[in-house]
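Below is one structure, written out as structure tokens, with a few remarks after it.
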């Protein structure tokens, strides 16, 4: 999951998705990568569970997954918490 967050382009994509659902063509207009690179980044984000995808004809819509986001926050809190003795 955290591999998905370790790339500047993927962080830009997530920032774009914070405002709501976007189709791949909208994302492509706003990031500085080609179609194949965008597909690669979206695959990683979707497989990590942070982003959800939904096919509509030829267009794929993406949005941030609430479940995936909450899970990432939970894991981050667990691995960074200090154990009390």
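Quick notes
- Of 70, 28, 14, the one that fluctuates the most in a GNM where the chain has Cα springs shorter than 10 Å: 70
- Between 0 and 90°, nearest 10: helix 66-80 axis offset from the chain longest Cα axis: 40
- With Cα atoms, 0 to 90° folded angle of helix 8-17 axis to the chain main axis: 80
- Panel values: the chain, Kirkwood radius from alpha carbon pairs, Stokes-Einstein at 25 °C and 0.890 mPa s, translational diffusion coefficient 181 µm²/s.
- Full-stretch length increase - residue 9, residue 70 - with 0.36 nm per residue and alpha-carbon distance subtracted: 19.8 nm
- Inter-probe distance in nm under a simple model that places probes 7 Å from Cα toward Cβ, at residue 43 and residue 79: 2.3
- Rounded FRET efficiency, nearest 0.05, which uses the C-beta distance separating residue 29 from residue 54 and R0 of 22 Å: 0.70
- C-alpha center-to-center spacing [the range 44-59, the range 1-28] in angstrom: 11
Each value in this text was obtained by applying a stated rule to the coordinates, not by laboratory testing. No experiment lies behind these values; they were computed from the predicted model shown. No Cβ is skipped: glycine too gets one built from the backbone with ideal geometry, and neighbour counts run over all protein chains shown.
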